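Since the structure comes first, as structure tokens, the remarks are kept for the end.
The values are calculated or read from the model by the stated rules, or taken from the named source; none is laboratory data. Keep in mind the model is a prediction, meaning the values are calculated, not measured. With ideal geometry, Cβ positions are generated from the backbone for all residues, glycine too; neighbour counts draw on all protein chains shown.
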Amino acid sequence: MHKIILFILVFSISNLQAQRPIKKEVRISGKIIDKETQQPLEYATIAFFNKRTNKVVTGGITDTKGMFNIPVDTGLYDITLEYISFKTITIPNKKITKSENIGSFSLEIDLESLGEIEIIAEKTTVEVRLDKKIYNVGKDLTVRGGNVSDVLDNVPSVSVDAEGTVALRGNENVRILINGKPSGLVGLDSSDALQQLPAEAIEKVEVITSPSARYEAEGTAGILNIILRRSKLQGLNGAITTNVGHPNAAGISGNINYRTGNINIFNTLSYNYKERPGYWYTYTEYKANGNIFDEKRDWERTNKGLTNNIGIEWYINDSASITTSVVYNNNDLNNNSTNHLNQYDANNNLIGNSLRLDPEKGDNNTLQYAFNFTKNFKKSGHKLTFDFQHEDNEQNLKSLINVDGQNTDILTQLEDESKILLRTDYVLPIGENSQIEMGYRGDFSNKSTDYKVELLNTNTNVFEVDNNLTNLFNFRNYIHALYTQYGNKINKFSYLLGLRMENTQLTLDQPTSNDFEKRNFTGLFPTINLSYEFSDSENITLGYNRRLSRPRSYYLNPFPSRSSLTNIFQGNPGLNPTYSGKIDLGYLNRFGKFILSSSLYYQESNDVIRFVSEDTQETVNIDGQEVPILQRGPSNIASEQRYGFEFNLTYTPIRKWRMNTDFNLFNAIIDGDYQGTSFDSENMTWRLRFSNKLTLPGAIDWQTNMSYRGASEDAQNVRDAVFSTNLAFSKDLFKEKASIAFNINDVFNSNKFSGTVETDDFISDREIRFRGVRSYNLSFTYRFNQKKKEERGGRPRGGGDDVQM
């Protein structure tokens, strides 16, 4: 009996093997073109769907001529041909038995898709969507070899001042994210960190001026989301960029991807060295006695930074994926500062002077781990995501102060911060044109700032800790958030209604002074987004959102800085968050060779934080003279009404020439007072940016960016206008496998901050060059198994998914 069963099994297996077709690898080729222009479409995608395994088994992309040649096993497939903003072509039940050319295919524009994603221009640098603008970094020549601050300063609606402060539509309360989440790549000191991260590591920047309820409520101005590069092409591909510059600068960065089957491995590694000279000049006259204090602080900052971002994407099946990544960031900072102070009496006679040297050394280390799980259900748009992120930041600074040839102070600052992020989002489509979305987010941050001051005891010649200046500040910030929103489309009208609740738990702990405080507050943040399409090329949007800005730990720490003996910064532990409500009316129109994107906006804020300068009524003895100490710090002094108008206009007269202008005009009305002094003010100012890109003979790209920020004024401060110009030239080499670029940043050496501070006690003129002087940079990029992602006669591929928060 056993022999009979064994015989039947062997016979059955042999018969099945005989019936199973023998697979072999063949090659399928063809061509994809734009039906309207008859031009080839580069980076169109071809996918082979195997019905037996119910998944896509292989695929590829077209080259610059629109051609594809893809290896595939013999079998029965549904073949899809896709290109963003074009209608998909599907070849069903294609039986492949041998290598063959399946022909040429013409894709036509999908007008419905264009309503969601608008491409501003050929070889574009900006894409416009209903609630945001997306700036594609790789296509801007003037930031080659630069950093994130350089990138942001060229983004429409965004500005970066001489101190490195980022503002959106003139408002500094902007939230900066990396890949949709707070990140260690921004670090403890966002200004320094943004100047360390290379521009080549960035794929695009999303400017979100009317966030829906899915976005965190932090940032009254809006959100800037920096998307890092990551390729999903099959096989091994990558690029490497090197650059040298003046003042002394050098760097190398590379990205590499390897995708095989269901696994995608990605890595971005960069190292940068940069020297940044700068200065801070103040000329202060006291009204009571006419004495004058002329102070200038020069510095030479040397930054050395290493950043590595490595991760793995695992496509578990056709509907689920897991992504894990690790970020390591190390920055070394040497800041040699020289402070000259001259004192004059009312008759302009020199009565004292001093020289203060501050050689500061520091390092900043960040380690971050991130995990993402995404599940797509059978119905399109039905989706569940979960994110976990853990991050540790550590910053150490130490300096030995020397005054007039004598070592006087040792300053040490140790900052340690840990963060945990938990987030889950669920999207459920209802019918064809509506959906409901809900989610939870938890942010848990603990930060410790240990600031120690050691002063020289002239009697013992030993440095001793000054307990009046030394301080330990522990800051804890826990945020829980829930949101839900519902969206629907009725013919040409769409709406998205949402509500977000955020609970904030703050702890301020100062063991040195035995001060301890807990705060707990909850806020509701409704959002409304409406859209109406007049036609395929014209639409109007209306958005309302309520947001807040929580004071950072630096603003809350009450112990003063000592970078200058006569000008100090001191935080305010009594600060409250700023709440604001904003209305944004947008208009988009495409006509001929023009594309216009414009908006009107109005924002009203309460408990606005402003920096107040005042005389502390204290003095410090310098060269035998008692010098007044001025203090600058934040305070909730006012309510603010801000309204403005902005537009972005792009004109492309011919394929090789593109012009773009971005204009923002706004008025800020402040109503408030501080310690009996009125801070009421009204200030109207504007910013204009113009970009011109032209392809010269010899296929040399030439780009010019010009920027002008108008003068501004409030109750205490007058800020002068700023004009700057950047130039760049680029040339592709080796059949576009490489590029060489040369750029000049701040051609006229005019990008500096200057202005006047006036109070009842003094008037002070200031001039600052925080970001250095005119610079030159030469960069070289080589790509392997990649093509330069620019449009070749058709419409550029947008790429990337919306990041939800």
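Do any strands (runs of 3 or more DSSP E) lying entirely in the range 152-218 carry at least 2 residues that are at pLDDT 70 or above and of a type outside the set (A, V, I, L, M, F, W, C), and which ones are they? Steps first, answer last, please.
Numbers: elements: 158-160, 166-168, 174-178, 202-208.
Qualifying strands (runs of 3 or more DSSP E): 202-208.
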>> Being part of a strand (DSSP E or B), at pLDDT 90 or above and more than 27 Å from the chain's Cα centre (by Cα) is the requirement here; does Thr242 meet it?
In response: no
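In the range 270-303, what residues are small (Gly, Ala, Ser) and in a strand (DSSP E or B)? Break it down into steps so the answer makes sense when it comes.
The first filter runs over the range 270-303 and keeps only residues small (Gly, Ala, Ser), leaving 270, 278, 288, 290.
Ser270, Gly278 - these are the residues of the range 270-303 that are small (Gly, Ala, Ser) and in a strand (DSSP E or B).
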> How many residues are of a type in the set (A, V, I, L, M) and at pLDDT below 85 if we restrict to the range 61-78?
Replying inline: 1
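Anything in the range 693-723 that is assigned to a loop (DSSP other than H, G, I, E, B) and either within 30 Å of Tyr674 (Cβ to Cβ) or touching a helix residue (DSSP H, G or I) at 6+ places or on another chain (Cβ under 9 Å) (or both)? List them, or say none. Steps first, answer last, please.
Kept after step one, since they are assigned to a loop (DSSP other than H, G, I, E, B), are these residues of the range 693-723: 697-699, 710-711, 714-716, 720-721.
Answer for the range 693-723, where residues must be assigned to a loop (DSSP other than H, G, I, E, B) and either within 30 Å of Tyr674 (Cβ to Cβ) or touching a helix residue (DSSP H, G or I) at 6+ places or on another chain (Cβ under 9 Å) (or both): Gly710, Ala711, Asp714, Ala715, Gln716, Asp720, Ala721.
A quick yes/no check of all residues on (1) touching a helix residue (DSSP H, G or I) at 6+ places or on another chain (Cβ under 7 Å); (2) exposed (fewer than 13 other Cβ atoms within 10 Å of the Cβ); (3) of a type outside the set (A, V, I, L, M); (4) not assigned by TED's automatic domain parsing to the domain that holds Asp34:
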{"residue": "Thr62", "(1), (2), (3), (4)": "no, no, yes, no"}
{"residue": "Met67", "(1), (2), (3), (4)": "no, no, no, no"}
{"residue": "Tyr83", "(1), (2), (3), (4)": "no, no, yes, no"}
{"residue": "Lys95", "(1), (2), (3), (4)": "no, yes, yes, no"}
> Which of the following residues is of a type outside the set (Gly, Ala, Ser), modelled with pLDDT of 85 or more and touching a Gly at 6+ places or on another chain (Cβ under 7 Å): Glu646, Glu604?
Replying inline: Glu604
> Regarding Ile763, is this residue closer than 30 Å to Ile252 by Cβ and among the β-branched types (Val, Ile, Thr)?
Replying inline: no
>> Every residue in the range 443-474 that is under 30 Å from Asn503 (Cβ atoms), among the acidic types (Asp, Glu) and either without any contact (Cβ under 8 Å) to a residue 60 or more places away in the chain or not assigned by TED's automatic domain parsing to the domain that holds Asn503 (or both), please.
In response: Asp450
>> For the range 601-643: of the residues being on the phi > 0 side of the Ramachandran plot and assigned to a strand (DSSP E or B), which is nearest to the chain's Cα centre (by Cα)?
In response: Asp607
> Restricting the first residue to the range 173-187 and requiring it to be under 16 Å from Asp392 (Cα atoms) and buried (at least 22 other Cβ atoms within 10 Å of the Cβ), which pairs with a second residue that is among the acidic types (Asp, Glu) and modelled with pLDDT of 60 or more meet a Cβ separation below 8 Å and a spacing of at least six or different chains?
Replying inline: Ser183/Glu391; Gly184/Glu391; Gly184/Asp392
> Say we look at the range 289-331 and pick out the residues that are acidic (Asp, Glu) and under 27 Å from the mean Cα position of the chain (by Cα); which of these is nearest to Asn376 (Cα to Cα)?
Replying inline: Glu313
> Using beta carbons and a limit of 6 Å, which pairs, at least six apart or on different chains, have the first residue in the range 655-671 and crowded, with 22+ Cβ neighbours inside 10 Å and the second one among the polar types (S, T, N, Q)?
Replying inline: Arg658/Thr652; Asn660/Thr650; Asn660/Ser691; Asp662/Asn648; Ala668/Asn683
